[in-house]
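A.B. asks: First the structure, which I've put down as structure tokens, then a few questions once you've had a look.
Just so it is clear, none of the values below were taken in a lab; they were calculated from the coordinates. Since the model is a prediction, treat every value here as computed from it, not as a measurement. Backbone-built Cβ (ideal geometry, glycine too); neighbour counts: all protein chains shown.
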Amino acid sequence: MVIWLIGLSGSGKTTIGSEIYKQWKNDENSTVLIDGDEIREIFQLNTTANDYSIDARRLNALRIQRICKWLDSQNINVVCCILSLFQDIHIWNRKNFSRYYEVFLDVSLDTLVKRDSKNLYKPALMGKSSNVVGIDIEFTHPLNPDLVMQNKFEDTRIPLVANRILGEAREKYGI
């Protein structure tokens, strides 16, 4: 099964995904965590501003998608944390993964700008940087996520949120 966490930068994908991974790995050893930022680093798609262009973002998303498919084909569970801009990728995922559970972490841009944990939004709003999703690259909410969660950044709730996501994904597929 692939649990695909979608959201803007700073929405909590990696934090929640890491907790889902931890809980799932306790039950099923054949579980991996894939984080979009880490894949960017592995393929060195994080060194220039152009690495965050829409074309580079698509290339990174396709690589991540294919890695997930490869792992899924070997019956390895995947928790994937990715910004995930492209609706065609979500559609492909539903058709091609053995079991696919899509979660949208919906956090308002105002909240993300106030928190700006990665210092992305404020420089982009001041015109000092570009290729920032939600600012000069449009972010379209996923069309049919299995679950939409408002992340209010309450760290003490992260284990409960992760448990809910994992439980609902398992329930959907009867596992």
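A.B. asks: What share of the DSSP beta bridges in the chain is antiparallel, in percent to the nearest 5? If you can, show how the numbers build up before the last one.
C.D. replies: Values: 0 of 20 bridges.
Once the DSSP bridges in the chain are tallied, antiparallel ones form about 0 percent.
A.B. asks: Oh, and also: Full-extension gain between N144 and S73, please, as 0.36 nm times their residue separation minus the C-alpha to C-alpha distance.
C.D. replies: Numbers: separation 71, 0.36 × 71 = 25.56 nm, distance 2.34 nm.
Gain on stretching N144 to S73: 23.2 nm.
A.B. asks: If you put +1 on each Lys and Arg Cβ and -1 on each Asp and Glu Cβ, how big is the dipole of the chain around its Cα centre, in Debye rounded to 20? Walk me through the numbers before you get to the answer.
C.D. replies: Working: 22 positive and 22 negative charges, 18 e Å.
Result for the chain is approximately 80 debye, rounded to the nearest 20.
A.B. asks: Return the calculated 222 nm mean residue ellipticity for the chain, to the nearest 500 deg cm²/dmol, obtained by summing -39500 (n - 2.57) across DSSP H runs with n ≥ 4 and dividing by the residue count. Can you show the working numbers first?
C.D. replies: Numbers: 7 runs with 79 residues, N = 175.
My calculation for the chain gives -14000 deg cm²/dmol from helical runs alone.
A.B. asks: Could you give the length gained on full extension between A49 and D27, defined as 0.36 nm per residue of separation minus the Cα-Cα distance, in nm?
C.D. replies: Working: separation 22, 0.36 × 22 = 7.92 nm, distance 4.03 nm.
Additional length available on full extension: 3.9 nm.
A.B. asks: Still on this model: What whole number of Å gives the distance from the Cα centroid of the stretch 71-113 to the Cα centroid of the stretch 13-51?
C.D. replies: 12 Å
A.B. asks: May I ask you to compute the full-extension gain from N163 to S18, defined as 0.36 nm times their residue separation minus their alpha-carbon distance, rounded to one decimal in nm? Write down the numbers at each step before the final one.
C.D. replies: Numbers: separation 145, 0.36 × 145 = 52.20 nm, distance 1.16 nm.
Working it through step by step, the gained length comes to 51.0 nm.
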